[in-house]
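Peer 1: Starting off with a structure, shown below.
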Amino acid sequence: MTRLKVGIAGCGLVTQVEHLPNLINLPKLFEVVAIADPSATVREALSARHGLRAFESATEMMTAGLDAIVIATPDSYHADLAVAALERGLHVFSEKPLAYNTADIARIIAARDKAGRVMQVGYMKRFDPAYLMLCDLLRTVDGPLRAVTVDVLDSGSDPFVAHHDMVVGTDVPKALIEEGAARRAAQVKVALGTDADPLVTRGFSGPYSSSLVHDLNVVQGLLDAAGAKMGKPVGAAFIAGNSGGYLSAKLDPTDGLVTMTWMATPRLAYYCERISMVFDDRNFELRFPSPYLNHHLTELIERRANGLALEEIRHRPSYAEPFVEELKAWHAAIVDGAPVVNTAEQAATDMGLFATFAKLALAK
Ligand SMILES: NC(=O)c1ccc[n+]([C@@H]2O[C@H](COP(=O)([O-])OP(=O)(O)OC[C@H]3O[C@@H](n4cnc5c(N)ncnc54)[C@H](O)[C@@H]3O)[C@@H](O)[C@H]2O)c1
């Protein structure tokens with residue numbers, strides 16, 4: 001089995017809680033050789049802890065004899081780093097959102113096709129055993145899909161990662177933080193086709209692109225399995241001081257509706273992420289735990305009517321961890337030529353839809 005030499009760009013929360021330990025725990029598939037982070041505190045601590053070469057700059061790290069790179073920097077750096085890595089012949093795994101606008105995603109697709117390398121997006125929920133089982137169940141259901149509802153209450157990560165020995169750097173240069181913010185505003189402006197005020201930039205980059213993007217992507221996969229599609233957008237809003245988001249669209253070909261609501265609840269140490277699929281005599285519900293709780297089950301509940309009685313089934317397909325499964329699939333795509341599950345094209349569809357919804361929200 002080919003062992004891939006991997007570097008990780010960006011060593012904050014998701015790298016320390018997920019990607020770095022998960023890659024290290026797959027030693028037959030990956031050898032983590034280097035990390036890059038502008039925080040000296042973070043890179044020096046992780047380098048000492050795991051015996052890795054440490055770089056201040058991700059592009060410099062790309063010259064360190066890598067086969068592949070994991071990009072887990074702030075969002076506004078994903079596109080440039082992905083293109084630079086592909087141009088160097090590296091395989092790429094990039095966290096979501098792949099980019100804020102479809103023009104940047106088109107640049108990544110062109111670089112991927114020119115390089116002939118694998119480019120996978122970090123939509124780990126597509127590897128969740130409960131999601132995969134629901135897809136299988138949906139393929140067997142007759143009758144029209146009436147509604148899909150998504151609701152998320154997100155307290156942020158703190159309650160779910162406080163027990164980890166994380167290294168947090170307060171020494172990222174101020175100029176780099178300002179550059180990141182300026183990049184984000186410029187990239188959101190391209191997505192919306194207009195100057196967005198800081199609150200709209202926050203609504204688009206936060207609730208929509210950073211969080212609901214997982215649900216939009218999962219819903220697209222579930223709709224495929226159910227033989228339906230997202231149709232005409234009918235509603236959109238940024239809510240609660242643009243720290244929350246709402247969107248809705250018609251279902252195609254039925255007259256059903258998809259609605260999604262996401263709220264930041266930073267003072268409520270609780271995480272709720274629920275997707276419900278409604279048919280005339282059946283309902284399926286997925287309840288995701290906070291993504292940082294490894295091997296916690298996503299609940300899949302199936303409810304079937306039997307006249308006035310109801311049968312409720314709680315499925316438990318497996319304890320496999322989506323964040324680990326996505327890495328195995330990335331390796332299989334690189335080494336065995338397996339199809340890439342989460343493509344840049346899917347990311348382009350997601351971000352194109354968000355731009356449409358955001359424009360609808362702004363038009364009101
Ligand atoms: N798949 C998921 O569920 C999931 C969960 C969390 C985060 N994410 C995504 O992962 C990415 C990172 O999120 P996070 O929560 O770990 O953020 P974070 O702020 O905790 O960490 C980001 C790290 O990147 C470093 N950094 C900043 N600019 C950099 C640059 N130019 N090059 C290299 N490193 C740089 C920072 O110093 C910091 O250590 C984001 O895109 C986020 O959307 C995905």
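Peer 1: So for T259, T59, what's the accessible-area order with a 1.4 Å probe, most first?
Peer 2: My answer, sorted largest first, is T59, T259.
Peer 1: Further, regarding this structure: Please report, in debye to the nearest 20, how large the charge dipole of the chain is about its Cα centre when each Lys and Arg carries +1 at its beta carbon and each Asp and Glu carries -1 there.
Peer 2: 300 debye
Peer 1: Cross-link list K189/K359; K5/K28; K96/K232: which exceed 19 angstrom alpha carbon to alpha carbon?
Peer 2: Where the Cα-Cα span goes over 19 Å, the pairs concerned are K96/K232.
Peer 1: Does the chain come out rounded, prolate or oblate by the C-alpha gyration tensor, with a ≥ b ≥ c the root eigenvalues, rounded set by a/c under 1.5 and, if not, prolate when a/b is larger than b/c and oblate if not?
Peer 2: Prolate, because a/c is 1.5 or more and a/b exceeds b/c.
Peer 1: Among A85, G51, S39, which residue has its Cα positioned farthest towards the positive end of the charge dipole of segment 1-95, with +1 placed on the Cβ of Lys and Arg, -1 on the Cβ of Asp and Glu, and the dipole taken about the Cα centre?
Peer 2: Going by the Cα projections, it comes out as G51.
Peer 1: Quick one: length gained pulling K328 to D171 fully straight, 0.36 nm per residue minus the C-alpha distance?
Peer 2: 53.2 nm
Peer 1: Among E302, E95, E326, which one shows the highest mean-square fluctuation when the chain is modelled as a Gaussian network with alpha-carbon springs under 10 Å?
Peer 2: In this elastic network of the chain, the residue with the biggest mean-square fluctuation among E302, E95, E326 is E302.
Peer 1: Could you size up the charge dipole of segment 1-81 around its Cα centre, putting +1 on the beta carbon of Lys and Arg and -1 on that of Asp and Glu, and report it in debye to the nearest 20?
Peer 2: Roughly 360 debye, rounded to the nearest 20.
Peer 1: For A320 and T140, FRET efficiency with R0 = 22 Å and r from the beta-carbon atoms, rounded to 0.05?
Peer 2: With a Förster radius of 22 Å, E is 0.50.
Peer 1: What angle, in degrees between 0 and 90 and rounded to the nearest 10, separates the Cα long axis of helix 129-138 from the longest principal axis of the Cα atoms of the chain?
Peer 2: 40 degrees
Peer 1: Another question, then. Given the whole protein assembly as supplied and a 1.4 Å probe, what does the accessible area of D165 come to in Å², nearest 10?
Peer 2: For D165, the solvent-accessible surface is approximately 110 Å².
Peer 1: How much FRET efficiency would the formula 1/(1 + (r/R0)^6) give for D280 and K114, where r is the Cβ-Cβ distance and R0 is 56 Å, rounded to 0.05?
Peer 2: With a Förster radius of 56 Å, E is 0.70.
Peer 1: If I build a Gaussian network model for the chain, linking alpha-carbon pairs within less than 10 angstrom, which residue out of M62, M351, M133 has the largest mean-square fluctuation?
Peer 2: Evaluated over the chain, the most mobile residue of the options is M133.
Peer 1: Hey, another quick one. Would you work out what percent of the accessible area of the chain, with all protein chains in place, is carbon or sulfur (probe 1.4 Å)?
Peer 2: 53 percent
Peer 1: Hey, what do the phi angles of segment 5-12 turn into as Karplus ³J(HN,Hα) couplings, whole Hz, using 6.51/-1.76/1.60 and θ = phi - 60°, x for Gly and Pro?
Peer 2: 7, 10, x, 10, 9, x, 10, x
Peer 1: Another question, if that's okay. What FRET efficiency, computed as 1/(1 + (r/R0)^6) with R0 = 22 Å and r the Cβ-Cβ distance, is obtained for E87 and K5, rounded to the nearest 0.05?
Peer 2: So, using R0 = 22 Å, E works out to roughly 0.75.
Peer 1: Starting from 0.36 nm per residue, how many nanometres of slack lie between E178 and T63 once their C-alpha separation is accounted for?
Peer 2: Extra length available between E178 and T63 comes to 38.8 nm.
Peer 1: Please list, in order along segment 26-38, the HN-Hα scalar couplings obtained from phi with the Karplus expression 6.51 cos²θ - 1.76 cosθ + 1.60 (θ = phi - 60°), rounded to whole Hz, x for Gly and Pro.
Peer 2: Karplus-based 3J(HN,Hα) across segment 26-38 equals 10, x, 6, 9, 9, 10, 6, 10, 8, 10, 9, 7, x Hz.
Peer 1: Exactly which trypsin sites (Lys or Arg not before Pro) in segment 1-91 are in a DSSP loop and have at most 12 other Cβ atoms within 10 Å?
Peer 2: Taking segment 1-91 and a limit of 12 other Cβ atoms within 10 Å, the loop trypsin sites (Lys or Arg not before Pro) found are K28.
Peer 1: Suppose we keep just the DSSP beta bridges with both residues in segment 186-306; what percent of those would be antiparallel, to 5?
Peer 2: 100 percent
Peer 1: Measure nothing but the geometry: give the 0 to 90° angle between the long axis through the Cα atoms of 213-226 and the longest principal axis through the Cα atoms of the chain, rounded to 10°.
Peer 2: Once rounded, the angle reads 50 degrees.
Peer 1: For R117, enumerate residues with amide H under 5 Å from its amide H, sequence gap 5+ or separate chain, H modeled in the peptide plane.
Peer 2: none
Peer 1: Within segment 320-364, whose backbone N sits under 11 Å from a point 7 Å along Cα→Cβ of A103?
Peer 2: None, by backbone N distance to the label point.
Peer 1: With a probe of 1.4 Å, find how much accessible area the chain has per residue, and write the answer as a whole number in Å².
Peer 2: 43 Å²
Peer 1: Now for a different question. I'd like the accessible area for H50, computed on protein heavy atoms only with a 1.4 Å probe and all protein chains in place. Round to 10 Å², please.
Peer 2: 80 Å²
Peer 1: Still on this structure, I have one more. Label points 7 Å out from Cα along the Cβ direction at A40 and L293: separation in nm?
Peer 2: Spacing of the two 7 Å Cα→Cβ label points: 4.0 nm.
Peer 1: With unit charges on the beta carbons (Lys and Arg positive, Asp and Glu negative) and the dipole taken about the Cα centre of segment 246-364, which residue among A269, I313, L257 sits farthest to the positive side?
Peer 2: A269
Peer 1: Which one, A196, A130, A348, has the greatest fluctuation when you compute a Gaussian network model over the chain with C-alpha springs under 10 angstrom?
Peer 2: A196
Peer 1: What value in Å³ per residue do you get for the convex hull of the alpha-carbon atoms in segment 119-208?
Peer 2: 224 Å³
Peer 1: For segment 281-292, take each phi angle, set θ = phi - 60°, evaluate the Karplus expression 6.51 cos²θ - 1.76 cosθ + 1.60, and give the result in whole Hz per residue in order, putting x for glycine and proline.
Peer 2: 10, 8, 9, 10, 9, 9, 10, 8, x, 3, x, 7
Peer 1: Further question on the same structure: Is the shape of segment 3-105 rounded, prolate or oblate, going by the alpha carbon gyration tensor and its root eigenvalues a ≥ b ≥ c, with a/c under 1.5 for rounded and a/b larger than b/c for prolate?
Peer 2: It comes out prolate by the Cα gyration axes.
The values are calculated or read from the model by the stated rules, or taken from the named source; none is laboratory data. Bear in mind the structure is a predicted one, so any value in this text is a computation, not a measurement. Counting neighbours? That spans all protein chains shown, and the Cβs are built from the backbone with ideal geometry, glycine included. These accessible areas exclude ligands, DNA and RNA; they are computed on the full protein's heavy atoms, side chains included. Shrake-Rupley method; radii C 1.70, N 1.55, O 1.52, S 1.80 Å.
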